[in-house]
Amino acid sequence: MSSASYSLHGPVAVITLDNPPVNGLGLAVRQAIVAGIDAAAADPAVQAVVLIGNERFFSGGADVREFGTPKAMQEPTLLTVIATVERSAKPVIAAISGVCMGGGLELALGCHFRIARSDATVALPEVKLGLLPGAGGTQRLPRVVGLETALNMIVSGAQVPAAQLKATALFDEVVDSELLPAALALANKVVQEGRGLPRVRDRKVNEPNAEAFLQFARNTVGAMSKHFPAPLKCLEAVAAAANKPFDEGQKIEREGFLALMQTPESRALRHVFAAERAASKISDVSADTPVRAIVKVGVIGAGTMGGGIAMNFLNAGIPVVMLETKAEALERGIGTIRKNYENSLKKGKLTQDKLDARMALLQPTLDYADLSDVDLVIEAVFEDMGVKQQVFEKLDSVCKPGAILASNTSTLDLNQIASFTKRPQDVVGLHFFSPANVMRLLEVVRGDATAQDVLATSMALAKTIKKQAVVSGVCDGFIGNRMVARYGQAAHDLIVAGALPQQVDKALEKFGFAMGPFRMGDLAGLDIGWAIRKRRNAENPAEAKPNVADALCEAGRFGQKTGSGWYRYIPGNRVAQPDPVVEEVIVAFRAAHGVTPRQISDEEIIERCVYALVNEGARIVEEGIAQRASDVDIVYLNGYGFPLHRGGPMLYADQVGLVNVERALKRFAAEPGADVAFWTPAALLSRLAAANETFN
Ligand code: NAD
């Protein structure tokens, strides 16, 4: 069992944490530390104890594998371990290299002395999970690094290099040499010099203007964390370190921790933390599936998406061959990439050297022969099956065996695209979101024939280019766009029923969306949806649905780019102004369709729009398009601006209670004139609601 080992180095006992991958403080480790301190106490030959991890991790904090299990709370808890260390009659020295985070840092703060390598990093990241450090971190850290530094660290959760804290009382020594010998030397020194058993808890927070600083900090932190209670709770705990005795402060910290544990915001953040890890796993592809080496990439199409996609690889140091059919399109595309980098240069986010290095990795071409040695090619040409066919037939004929052939299509059938090649096993969807160099989400679309190692390679590649990958099966719109279509439809039907775009937007923005659906439509351009509707209506006239936006588009109102859409815009200003003309268009639409408008509450707006997402998400899970409900949350949080503090549509539904969601859907379906198919609860939702279960 991995835990910690105990060894003797002359008069110094060394406890070495050994719990891969991050030296998490699981039960066995906690037991082993207490056992080590006890053994050292019982051995008259031992005069001091060194607590050390490995080169990469002193300790990453709590063992996430124990979250939600009885082991997490079982004695010795971390508080007990820290008390044991602190009360040891022989000095305990924490020797820190690599990452020292959360409970790891709290443990080190309970030791009598601390030595660190200068390249170690320390952090109290609990706030990122909507919590505060619950094992004395908020009380001890300010006592050694000062109020302001501690508060910044605890409220941001940021990792700070040990070198930066060298001058503080957090470290007795910061070294560049090998850690264990330096720690043993320090241990011998503190014994010989009789430096006793200094405890951080006995120090005072050194800050003459504590109250003034804290008041200023309250205002700033409050304004920055409006949807999240944790940062202010962190602040109050740190404040207690400054103005209350240690034990009282520790009590305030404990109460804050327990209160935050129960908040929906913390639940949401912890859900997202686990969901992101789960999303990278594919149930039927084992973790040890070999991946294909990707050292050179091709991108077809230098338009909006092609350019952004290429930048991801250039940023990661991977050479890109970019192909277009016409020289001027190619030049325009390369120019846009350069301009993007130049903007980063101006903002100080990139150096000229790096800019040059990235551009040097980019090889523009008009010739397919230049793709003969790429390991992966991503197609981002027009969204037209005929064009995709030409491109994939060509790729099939020039690319080397084993090259992965990917499409960035948003709506087209990936299986059909794969059928244009003689190697459908090598074809996968890599659906980036716009702007592709910025947005973190990547839908990895799995075709019927996509090989396991192609999927494994795609997931690994996502990590290389810092994307959050989620696997989706093949369907119209995949996970995200299929859901957003439902959301858009629900919002549209609300304005037909009696609301105005500004009311719908405001209600959803108050719920936490960064932008309501109509403002979002104006930003993206209403012409895109118009073109899709026209195509679909032509393909399937029986299913054609009239849309208020058609009249806007016919009048040339495409959104921000034309100065008007659902709103109007003053030139040079992106602020959406409600427009009486739009109201007239809506009124005419209602009259033409025999709708008598009614009053609609903000609550109904949120229920209809969000439950439309939940219901479609449930269908997506039920059909196996998404592997798990939490994948749906990750897609919607990362690609569509769903409020993070609500943890995604599926977790939100869990928190509301699936029974309540189902009842609302049934109510909407039963209304006169309702779109019954749209509002009928998904079978999965009804089944879970009946069993009083949740999606997650
Ligand atoms: P775009 O019109 O900006 O760019 C397409 C580019 O492909 C153009 O530069 C064009 O010259 C080039 N091209 C066309 N036919 C070609 C061919 N046969 N060979 C080589 N180059 C060719 O389009 P876009 O917005 O970048 O979209 C590209 C693809 O990405 C589409 O499949 C689209 O559905 C998908 N997509 C777009 C978005 C988005 O928000 N724009 C998001 C996700 C996915």
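Key figures for this structure:
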item	result
The one condition in (1) more than 20 Å from SER266 (Cβ to Cβ); (2) open to solvent by 40 Å² or more (accessible area, probe 1.4 Å) that LEU232 fails to fulfil	(1)
Answer residue from region 269-301, given it is open to solvent by less than 10 Å² (accessible area, probe 1.4 Å) and small (Gly, Ala, Ser) and is farthest from ALA456 (Cα to Cα) among those	GLY301
So ALA241, is it assigned by TED's automatic domain parsing to the domain that holds ALA135 and either in contact with a Gly (Cβ under 8 Å, 6 or more places away or on another chain) or modelled with pLDDT under 95 (or both)	yes
Extreme residue, farthest from the ligand (Cβ to nearest atom), among residues of region 417-447 that are assigned to a helix (DSSP H, G or I) and open to solvent by 20 Å² or more (accessible area, probe 1.4 Å)	GLN425
Test: residue in region 342-360 that is under 22 Å from ALA462 (Cβ atoms), in the same structural domain as GLY308 (by TED's automatic domain parsing) and within 15 Å of the ligand (Cβ to nearest atom)	no
Evaluation of ALA278 against (1) hydrophobic (A, V, I, L, M, F, W, C); (2) part of a helix (DSSP H, G or I); (3) more than 27 Å from the chain's Cα centre (by Cα) (one fails), failing number	(3)
Matching option when the condition is within 23 Å of ARG277 (Cβ to Cβ) and either open to solvent by less than 20 Å² (accessible area, probe 1.4 Å) or free of Cβ contacts under 8 Å to residues at least 40 places away in the same chain (or both), among LEU651, LEU644, LEU637	LEU651
Segments classed as helices (runs of 4 or more DSSP H), wholly inside region 471-524, with at least 2 members that are modelled with pLDDT of 95 or more and among the aliphatic types (A, V, I, L, M)	478-497, 501-511
Which numbered condition GLY594 misses (of (1) without any contact (Cβ under 8 Å) to a residue 12 or more places away in the chain; (2) touching a helix residue (DSSP H, G or I) at 6+ places or on another chain (Cβ under 9 Å); (3) assigned to a loop (DSSP other than H, G, I, E, B))	(2)
Residue match in region 367-379 (condition: within 11 Å of the ligand (Cβ to nearest atom), under 15 Å from GLY308 (Cβ atoms) and modelled with pLDDT of 95 or more)	yes
Tally of residues being over 19 Å from ALA293 (Cβ atoms) and either more than 10 Å from the ligand (Cβ to nearest atom) or part of a loop (DSSP other than H, G, I, E, B) (or both) across region 399-416	9
Checklist (1) of a type in the set (S, T, N, Q); (2) at pLDDT 95 or above; (3) more than 21 Å from LYS400 (Cβ to Cβ) applied to SER283, failing item	(2)
Subset of region 1-27 [within 25 Å of PRO70 (Cβ to Cβ), open to solvent by 20 Å² or more (accessible area, probe 1.4 Å) and among the hydrophobic types (A, V, I, L, M, F, W, C)]	MET1, ALA4, VAL22
Condition met for LEU395 (of a type outside the set (Gly, Ala, Ser), surrounded by 15 or more Cβ atoms within 10 Å (Cβ to Cβ) and not in a helix (DSSP H, G or I))	no
Positions within region 679-696 being surrounded by fewer than 17 Cβ atoms within 10 Å (Cβ to Cβ), over 9 Å from VAL659 (Cα atoms) and hydrophobic (A, V, I, L, M, F, W, C), in sequence order	ALA683, ALA691
GLU253 vs. criteria away from the ligand (no atom under 16 Å from the Cβ), in a helix (DSSP H, G or I) and more than 20 Å from the chain's Cα centre (by Cα)	yes
Tally of residues being in a helix (DSSP H, G or I) and either more than 19 Å from ILE115 (Cα to Cα) or outside the structural domain of ILE96 (by TED's automatic domain parsing) (or both) across region 4-49	14
So VAL575, is it assigned to a helix (DSSP H, G or I) and free of Cβ contacts under 8 Å to residues at least 12 places away in the same chain	no
Hits in region 415-432 - residues which are in contact with a Phe, Trp or Tyr (Cβ under 9 Å, 6 or more places away or on another chain) and within 21 Å of ALA462 (Cβ to Cβ)	ILE417, ALA418, VAL427, GLY429, HIS431
Cβ pairs under 7 Å, 6+ apart, first in region 368-393 and hydroxyl-bearing (Ser, Thr, Tyr), second more than 10 Å from the ligand (Cβ to nearest atom) and assigned to a helix (DSSP H, G or I)	TYR368/VAL398; SER372/VAL398
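Here's the yes/no breakdown for (1) more than 11 Å from the ligand (Cβ to nearest atom); (2) hydrophobic (A, V, I, L, M, F, W, C); (3) in the same structural domain as PHE67 (by TED's automatic domain parsing):
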position: LYS281; (1), (2), (3): yes, no, no
position: ASP284; (1), (2), (3): yes, no, no
position: GLY306; (1), (2), (3): no, no, no
position: ASN315; (1), (2), (3): yes, no, no
position: VAL320; (1), (2), (3): yes, yes, no
position: LEU323; (1), (2), (3): no, yes, no
position: GLY335; (1), (2), (3): yes, no, no
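The values are calculated or read from the model by the stated rules, or taken from the named source; none is laboratory data. As the structure is a prediction and not an experimental result, all values here were calculated from the model. Backbone-built Cβ (ideal geometry, glycine too); neighbour counts: all protein chains shown. Surface areas here come from the heavy atoms of the whole protein model, side chains and all, with no ligands, DNA or RNA. Shrake-Rupley method; radii C 1.70, N 1.55, O 1.52, S 1.80 Å.
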